[in-house]
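The values are calculated or read from the model by the stated rules, or taken from the named source; none is laboratory data. Values in this document were obtained by computation on a predicted structure and should not be read as measured data. Cβ atoms come from the backbone with ideal geometry, glycine included; neighbour counts cover every protein chain shown. In case anyone asks, the SASA skips ligands and DNA or RNA and just uses the protein heavy atoms, side chains included. Shrake-Rupley method; radii C 1.70, N 1.55, O 1.52, S 1.80 Å.
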Amino acid sequence: MATKVDKFDYNLPKELIALYPASKRDKCRLMMVDTVNKSITNHIFSDIVNILDDTSFLVVNNTKVRNARLYAKKVTGGLSEIFVTDVIDNTHFKGLVRGKFKTGDKVISEGMYFTLLEKLQDGLWIIQAESDIEKIMYEKGHVPLPPYINRQDTQQDKTDYQTVYAKYTGSSAAPTAGLHFTNELLSALKNKGVEVIEITLDVGLGTFRPVKTEYMEDHEMHYERYYISEDAAERINLLKSKGKKLTAVGSTSVRALETASDDKGIIKAGESSSNIFIIEPYNFKTVDNMITNFHLPKSTLLAMVSVLGGYDLIMQAYHRAVQENYRFFSYGDAMYIKRK
């Protein structure tokens, strides 16, 4: 039976949308949703050191966010904007462009012309830049803050909107559950025997594209590239075989792991792409627990965490988070979903 998107709606006062992160990454709030005891408790994120022990290990997404937003103008002078979602080669990329255009039109950004070559689905275009698009973004681009963070990006966002373990540039949005970790917190976890294993998924439209269909099942997920090294796959498989519990940090880590996993929960190394859409009914193959942020109403991400934590308990947690003035979305507070 198809699931109405409205099932994942909830009322969120605008003032609870976080426009800036917590003053210290690991001092945001943490809501623990324990599916075994059906309990919801409040913590500070740094308490994760006491919540996790050496029976658990973390898998994090070490992707690095590009300066994917380019302010632009139409040739006629009107304001526009280019948002890079996927780089094809040095001068060709996929992106969203603000305004109405037809094939062959050009927009101007930083004195350079960008030609719109082909219109794809969901408002995406294949676009040609005059020179190396990665270099343009690095030198001239802006931090791709989500639209609900309704302000200009600042120099501070270049630090705040990256995880401390970000390594490989390729994302158009941050894997935001990882933003709460500091190097000191990661060291404290490792000292407790909690291993931290890195994988990579480049965050794009598959993660943040809004659902516009009436039924969740009709929503089409976009592919996102991921890479799991031989060493990472070997460590994950070994720790799981020893009975250790895998805590995935963020929905992107969940999607990469569940895509790369066979029916027995064995992770396969390598580079591939994922368009996995985790909605009921779904049995997790390798992920046990999850650290995540509070997601948008009617989103694929809220549908995913509802599978992991159970719909009723997760929606109860969200309603409580609103009542208790938790901060929501990318720069907001965190949730730990404990299943095992």
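Round to a whole number: what % of the accessible area of the chain belongs to carbon and sulfur, probe 1.4 Å? C and S fraction of accessible area: 48 percent. Rolling a 1.4 Å probe over the protein heavy atoms leaves ASP312 with an accessible area of roughly 120 Å².
Label point of SER229 set 7 angstrom out along Cα-Cβ; within region 161-184, amide nitrogens under 12 Å from it belong to 167-168. Computed with a 1.4 Å probe over protein heavy atoms only, the accessible surface of the chain comes to 46 Å² per residue. Look at where the Cα atoms of region 1-23 and of region 42-112 average out, and the two centres are 21 Å apart. Calculated mean residue ellipticity, 222 nm, the chain: -6000 deg cm²/dmol, from DSSP H runs (n ≥ 4) at -39500 (n - 2.57) each, averaged per residue and rounded to 500.
Net charge near LEU117: determine it from the other residues with C-beta under 11 Å of the C-beta of LEU117, scoring Lys and Arg +1 and Asp and Glu -1. Net of charged neighbours comes to +1.
By definition, a body whose alpha carbon gyration tensor gives a ≥ b ≥ c is prolate when a/c is 1.5 or more and a/b is larger than b/c, and region 1-115 fits this prolate description.
For region 254-333 and region 123-174, what is the centre-to-centre distance using only Cα atoms, to the nearest Å? For region 254-333 versus region 123-174, the Cα centre distance is 24 Å. Which FRET efficiency value, to the nearest 0.05, do you get for ASN283 and VAL75 by plugging their Cβ-Cβ distance into 1/(1 + (r/R0)^6) with R0 = 45 Å? After rounding to 0.05, the efficiency reads 0.30. Extension gain, GLU324 to VAL36, is 101.4 nm, computed as 0.36 nm per intervening residue step minus the present C-alpha separation. Take the Cβ atoms of LYS24 and THR213, set R0 to 35 Å, and the FRET efficiency comes out at 0.30.
Here r is the Cβ-Cβ distance between LYS158 and ILE266 and R0 is 35 Å; the resulting FRET efficiency, rounded to 0.05, is 0.35.
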